[in-house]
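Notes to accompany the following structure.
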Amino acid sequence: MGQTDLLINENKQETNMANDKCPDETLSRKLKDNCYACAPDYTGSVLYGNLNDLPEKVKCFIQDKAKQCQPEYIHICDGTEKERDLLLYLLQKDGTIKPLNKYENCWLARTDPDDVARVESKTFICTTNKTDTIPNTKDDVVSTLGNWMSPSDMDCLLESRFPGCMKGRTMFVIPFSMGPIGSKFSKIGIQLTDSAYVVVSMRIMSRIGTSVLESLGNDDFIKCLHSVGKPVTSVQKADRWPCNPKQTVIAHYPERHEICSFGSGYGGNSLLGKKCMALRIGSILARKERWFAEHMLIMGIENPAGVKKYFAAAFPSACGKTNLAMMEPSLPGYKVTCVGDDIAWMRFDENGQLRAINPEAGFFGVAPGTSKKTNPNAMKTIEKNTIFTNVASTDDGGFYWQGLDKTNQDNIQITSWMGIKNWQHGSGTDPAHPNSRFCAPANQCPNIDENWESSEGVSIEAIIFGGRRPEGLPLVFESFDWTHGVFLGASLKSETTAAAEYKGKLVVHDPFAMRPFFGYNFGHYLKHWLSFQANRKLNCPKIFHVNWFRKGPEGFLWPGFGENIRVLDWIFRRVQGEDCHVMSPVGYIPRPGSLNMAGLKQEVDMNALFELPVQFWRAEVDELEHYFNSQVGSDLPDKIKQELNQLKQRIYNM
Ligand code: OXD
Ligand code: MN
């Protein structure tokens, strides 16, 4: 029996359960009587829901994939709380999750140590023409801007994986909407998965269930298929976290509007609405329909005069997007609200105003480093209804990770994410995996914006790019215009983090913070962005670059966190047209004295924060030129070449 079907055969084991009663009495009885023996046709084995109630296209999709994957049961998700409770109960019974009893409805999942992050090297876009996916470069260049495989080669690869992969398991059918149901921004997907962990996580991260099906009608949808890749072929104790890391592959077929993910249960690889649909497939739809699907947070800022503006900001993974979106500003009279922390879908409205929605409904945030000091709003958000993955637990039913406030920890025992009991500070191991996560509903965030679910979206007045740049990049600068701003996005770099399979710290290119998430050729993506400047009816927002992470001999030069409001305030004033800027070779920087430093307790070396070291910048432009030539090749738009040449001239004249 499979992961969540375990209690048919293995309901004897007792754990310290929060809910030791199955929330669905009828189902519980049936499970005990083992009367769900699989009927030979898949219509007969539907355990929950009714195939005949589904739109015809959805039904066909399910039947087709069920025939291939051969699940024992099918469960059509209705998205109700009752269903969620049932799945949490089953997950708990089979040991996949355990309750964190200190908090209301909070759970901890620990993965297989080989399944802890997105796997970029195994993530592919499959298009007939290679150059639809990756730029046209010299033959010997290995692209860092995506992995391509032909649809037929990928079909072959998947044919050796999916057939029979759900044997002994339940196939869950998750109808989901990215974006508020019914909004013109929103897109619907149907995810089939054999992981109940994925269902309960998707329920947090998107809108799922019957209401999505109702709004779909008989329209097309994005087909999403996911399997942990571990059929259960005999009566055995299923793995706590079934996965198949050696066979993992995440395939996107843009021409078929289809996503297939095999072998990993980890969020970025398995919650297919997020990176796979909202960014990779999303960016392709966006280009076709003339909008943007971006790896950006969306935040509202209200100044002391009560004027409110919304900004979108792109930072590579684990650069503090969640902290910024939820920040508590240190300057009195300012209010920051969060619309989203990871993904923005933006389009110009009929008045030429750029508007954005957050297509997600929850936060899948990196836990380590999150604390009352760095992000009090996140700490309040995760106090209930949250699923934690790969964090440490405490013996009083709490969670723990590196950087969490150490209050009351002295006499409390910590069990690390690897299950090491009595974990000790200074032991040389991490209590939580560096990429451990919390998955929490957005509406629990204390600073959630009043318009976060608006189907019209919020109007975006500035776009901000940023990365972890220990050297050379000033605290903030503004692009000269939209085209220069697109060049800044294209030139984005950052120190690597634990969100993907990288090891060690290295400054790498991450254009638009989208490098792992481009659904199509980056050169074409640049042309798409550049095409908006030509349309005079559009009010293209100002574009900025920030760097909270510049270092001096003593460490970070800028205090960051709530103090970042000082930089956002400058951006706000620039958007309002204030003359508080001066020219520099890289863009407009704040006029000396124009950043609001009132009340900042810490000494800040402004010269060091804004210095443009000649040697650094000469090396930077040369390296950028090499990068664009080798990685974007003949797909590099002329306008970007011109921007690069102009920057080069300014730098070499410094
Ligand atoms: C994420 C990521 O999980 O960017 O959001 O890796
Ligand atoms: Mn992200």
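The values are calculated or read from the model by the stated rules, or taken from the named source; none is laboratory data. Here the structure is a predicted model, which is why all the values come from computation and not from measurement. Here Cβ is always computed from backbone atoms with ideal geometry, including for glycine, and neighbour counts include all displayed protein chains. Just the protein is used for accessible areas: all its heavy atoms, side chains included, with ligands, DNA and RNA removed. Shrake-Rupley method; radii C 1.70, N 1.55, O 1.52, S 1.80 Å.
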(message) Treating only the Cβ of Lys, Arg, Asp and Glu as charged (+1, +1, -1, -1), what charge dipole size does the range 565-635 show about its Cα centre? Round to the nearest 20 debye.
(response) 400
(message) Between 0 and 90 degrees, rounded to the nearest ten: what's the tilt of helix 196-205 against the longest Cα principal axis of the chain?
(response) 40
(request) Give the relative contact order (percent, whole number) for the range 247-330; include only Cα pairs under 8 Å separated by 6+ residues. (result) 17
(request) For residue 230, go through the aspartates and glutamates and keep the ones whose alpha-carbon is under 17 Å away, minus same-chain ones fewer than eight residues off. (result) 5, 72, 94, 112, 114, 115, 159, 194, 239
(message) From Cα pairs below 8 angstrom and at least 6 apart in sequence, can you work out the relative contact order of the chain, rounded to a whole percent?
(response) 14
(message) In the range 393-552, if the dipole is taken from +1 on Lys/Arg beta carbons and -1 on Asp/Glu beta carbons about the Cα centre, which of 452, 394, 465 is farthest to the positive end?
(response) 465
(request) Given a cut-off of 27 Å, name the pairs among 57/527; 308/542; 246/493; 551/601 whose C-alpha atoms lie farther apart than that in the structure shown. (result) 57/527; 246/493
(message) With 47 Å as the cut-off, how large is the P(r) tail for the chain, expressed as percent of Cα-Cα pairs?
(response) 15
(message) Quick check: at a probe of 1.4 Å, how many percent of the accessible area of the chain sits on carbon and sulfur atoms?
(response) 48
(request) Note down the magnitude of the dipole of the range 112-194 about its Cα centre, charges +1 on Lys and Arg C-beta and -1 on Asp and Glu C-beta and zero elsewhere, to the nearest 20 debye. (result) 400
(request) Can you pull a Stokes-Einstein diffusion coefficient for the range 604-651 at 37 °C (0.692 mPa s), Rh from Kirkwood over Cα pairs, as a whole number of µm²/s? (result) 274
(message) What value in Å³ per residue do you get for the convex hull of the alpha-carbon atoms in the range 389-523?
(response) 200
(request) Once you have the Kirkwood Rh of the range 338-413 from its Cα pairs, apply Stokes-Einstein at 20 °C and 1.002 mPa s and quote D in µm²/s. (result) 144
(message) If a paramagnetic tag sat 7 Å from the Cα of residue 652 along the Cα-Cβ line, which residues of the range 584-609 would have the backbone N under 20 Å from that point?
(response) 584-587
(message) I'm a student and want to see the number: the projected area of the Cα convex hull of the range 218-296, averaged over all directions, in nm².
(response) 7.3
(request) Kindly express, to the nearest 10 degrees and within the range 0 to 90, the angle between helix 614-627's C-alpha long axis and the longest C-alpha principal axis of the chain. (result) 50
(request) Show me 100-107, 188-195 ranked by packing, highest mean number of other Cβ atoms within 10 Å first. (result) 188-195, 100-107
(request) Please give the solvent-accessible surface of residue 433 in Å², to the nearest 10, using a probe radius of 1.4 Å with every protein chain present. (result) 30
(request) Using label points projected 7 Å from each Cα along Cα→Cβ, tell me how many nm separate residue 611 and residue 102, to one decimal. (result) 4.3
(request) Evaluate the range 273-344: find the radius of gyration of its Cα atoms, find its Kirkwood radius, and give the ratio Rg to Rh. (result) 1.07
(request) Would you mind getting me the FRET efficiency between residue 82 and residue 353? Use the beta-carbon distance for r and R0 = 56 Å, nearest 0.05. (result) 0.85
(request) Starting from the Cα coordinates of the range 130-277, work out the convex hull volume and express it per residue in Å³. (result) 135
(message) Suppose only helical runs count, i.e. DSSP H with n ≥ 4. What mean residue ellipticity at 222 nm does that imply for the chain under -39500 (n - 2.57) per run, divided by all residues and rounded to the nearest 500 deg cm²/dmol?
(response) -6500 deg cm²/dmol
(message) Treating only the Cβ of Lys, Arg, Asp and Glu as charged (+1, +1, -1, -1), what charge dipole size does the chain show about its Cα centre? Round to the nearest 20 debye.
(response) 320
(message) For a Förster distance of 30 Å, can you work out the FRET efficiency between the beta-carbons of residue 456 and residue 622, rounded to the nearest 0.05?
(response) 0.10
(request) Please give the length that would be gained between residue 130 and residue 68 if that part of the chain were fully extended, namely 0.36 nm times their separation in residues minus their C-alpha to C-alpha distance (nm, one decimal). (result) 19.5 nm
(request) Note down, for the range 332-473, the three equivalent ellipsoid semi-axes (square root of 5 times each alpha carbon gyration tensor eigenvalue), biggest first, whole angstrom. (result) 35, 17, 14
(request) Looking at the chain, send over the antiparallel percent of its DSSP beta bridges, to the nearest 5. (result) 65
(request) If a/c stays under 1.5 just call it rounded; otherwise compare a/b with b/c (prolate if a/b is bigger, oblate if not). Do that for the range 509-592, with a ≥ b ≥ c from the square roots of the Cα gyration tensor eigenvalues. (result) oblate
(request) Let me know the whole percent of all Cα-Cα pairs from the range 212-360 that are separated by more than 27 Å. (result) 40
(message) Could you tell me which residue out of 636, 228, 283 lies farthest along the dipole of the chain toward its positive end? Charges go on the beta carbon: Lys and Arg +1, Asp and Glu -1, centred on the Cα centre.
(response) 636
(request) Could you tell me which of rounded, prolate or oblate describes the range 516-559, using a ≥ b ≥ c as the square roots of the eigenvalues of the alpha-carbon gyration tensor, with rounded for a/c under 1.5 and, failing that, prolate when a/b is larger than b/c and oblate otherwise? (result) oblate
(request) Find how much the distance from residue 289 to residue 307 grows on full extension, using 0.36 nm per residue of separation minus their present alpha carbon separation; answer in nm with one decimal. (result) 3.3 nm
(request) Using a Förster distance of 30 angstrom, determine the FRET efficiency expected from the C-beta separation of residue 140 and residue 507, and round it to 0.05. (result) 0.80
(message) Greater than 18 Å separation of Cα atoms is the criterion. Which listed pairs, 98/122; 187/275; 98/421; 122/275, meet it?
(response) 98/122
(request) Tell me the label-point distance for the pair residue 121, residue 210, using the 7 Å Cα-to-Cβ offset, in nm and rounded to one decimal. (result) 4.7
(request) Select from 313, 263, 218 the residue farthest towards the positive end of the dipole of the range 204-348; place +1 on Cβ of Lys and Arg, -1 on Cβ of Asp and Glu, and compute about the Cα centre. (result) 263
(request) May I ask for the angle, rounded to the nearest 10°, between helix 565-575 and the longest principal axis of the chain, with both axes built from Cα atoms and the value confined to 0 to 90°? (result) 70
(message) Using only the alpha-carbon atoms of the range 118-168 as identical scatterers, what base-10 log of I(q)/I(0) does the Debye formula give at q = 0.17, 0.21 Å⁻¹?
(response) -0.62, -0.83
(request) Once you have a ≥ b ≥ c as the square roots of the Cα gyration tensor eigenvalues for the range 289-385, tell me rounded if a/c is under 1.5, and otherwise prolate or oblate according to whether a/b is larger than b/c. (result) oblate
(message) Under the rule of at least 5 residues apart or a separate chain, name every residue whose amide H is placed under 5 Å from the amide H of residue 464.
(response) 312, 313, 314, 544
(request) Sticking with the crude label model, points 7 Å out along Cα→Cβ, report the distance from residue 429 to residue 155 in nm, one decimal please. (result) 4.7
(request) Over the range 481-611, give the accessible area per residue in Å² for a 1.4 Å probe, as an integer. (result) 41
